[in-house]
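The values are calculated or read from the model by the stated rules, or taken from the named source; none is laboratory data. Here the structure is a predicted model, which is why all the values come from computation and not from measurement. Please note: Cβ atoms are built from the backbone with ideal geometry, for glycine as well, and neighbour counts cover all protein chains shown. Heads up: the accessible areas ignore ligands, DNA and RNA and are worked out on the full protein's heavy atoms, side chains in. Shrake-Rupley method; radii C 1.70, N 1.55, O 1.52, S 1.80 Å.
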Amino acid sequence: MAIDVQIFESEQELDRKAAEWLAARVRPGAVLGLATGNTPIGMYRELAAMHRRGQISFAGVRAINLDEYVGLSREHPESFAAFMEEHLFRWVDIAPEDRHIPNGAAPDPVQEAERYEKLYWEIGPVDAQVLGIGSNGHIGFNEPGTPFDSVTHVVELAEATRIANAPAFGSPEAVPRYAITLGIRNIMAAREIILLAKGASKAEAIRRTLKETPTPEVPASVLQTHPNVIVLLDREAAKLL
Ligand code: GLP
């Protein structure tokens, strides 16, 4: 099936559409696959507002996040656990025991990846998966070259990723070297996927994702082989299509 690509004139329209898409899938028992990064912040803000207005309840929903930095505890302000707390969890009624993120502070990251893989299949597969995209085409922290059949694993972050994520840490060297991420097989097991991209820095990755033959060199290009994907873009991210 062809991927449904939608282009928006304003960031707010994109955020609202993404929030509506996810909200329509929120029901008791639903499993949501959640992502971090700057891109989905507006969507989370909209969802929090919908919850505040009494339009949605997350009661009975289970959330499973894509990834976490190795070496950061959930209290670390740049951990993805702290991100989720700040941008979504503190504002909505997902039960604390139903919020899942790899433990970046686990003494043995490989063992933690194995635990998270098992957990993924106990809870999942995911009903609705939210994805951003790296400027190198990564999804979650599946960097270029990751096999399409990969499962949850410890990854050494690409230089491009550490540079892209440096502002939050002060310098690329301060960005953790490793992360734990769901694999591409986990992401592809989701029933439905929404990919969000904003800004010119994502334009080339989006072009390759949607227009080139799927290749592990552009991890997001695997989405062409998924039956149910929607892609929301702003004008800048769509400019090379
Ligand atoms: C991160 C995350 C991805 C995210 C991507 C883009 O580091 N692991 O899940 O999609 O990089 O982030 P941003 O939305 O900030 O551009």
Rounded to 5, the percent of DSSP beta bridges in the chain classed as antiparallel: 25
Apportionment of accessible area to carbon and sulfur, the stretch 1-108, percent (1.4 Å): 48
Average projection area in nm² (convex hull over Cα atoms of the chain, one quarter of hull surface): 11.7
Mean Cβ neighbour count within 10 Å, used as a protection proxy, ranking 98-104, 139-145 highest first: 139-145, 98-104
Local net charge near GLU217, Cβ-Cβ under 15 Å (Lys/Arg +1, Asp/Glu -1): 0
Space enclosed by the convex hull of the alpha-carbon atoms of the stretch 163-225, per residue, Å³: 120
Computed [θ] at 222 nm, helices only, for the chain once each DSSP H run of length n ≥ 4 contributes -39500 (n - 2.57): -8500 deg cm²/dmol
Ordering of 200-206, 121-127 by packing [mean C-beta count within 10 Å, highest first]: 200-206, 121-127
The stretch 33-161 pair-distance distribution - Cα-Cα, 10 Å bins, rounded %: 12, 43, 36, 10, 0
Ranked by how many other beta carbons lie within 10 Å on average, peptides 214-220, 168-174, 191-197, 2-8 from highest: 191-197, 214-220, 2-8, 168-174
Cα-based Rg and Dmax for the stretch 54-111, where Dmax is the largest Cα-Cα distance (Å): 12.4, 42
Largest to smallest principal axis extent of the C-alpha atoms in the stretch 102-204, angstrom: 37, 33, 22
For VAL231, distant residues with modelled amide H under 5 Å away: ASP4, VAL5, GLN6, LEU195
Nearest-20 debye value, the chain charge dipole, Cβ charges on Lys, Arg, Asp, Glu: 580
Residues of the chain: accessible area per residue with a 1.4 Å probe, Å²: 44
Centre separation in Å (Cα based) which lies between the stretch 64-82 and the stretch 153-179: 13
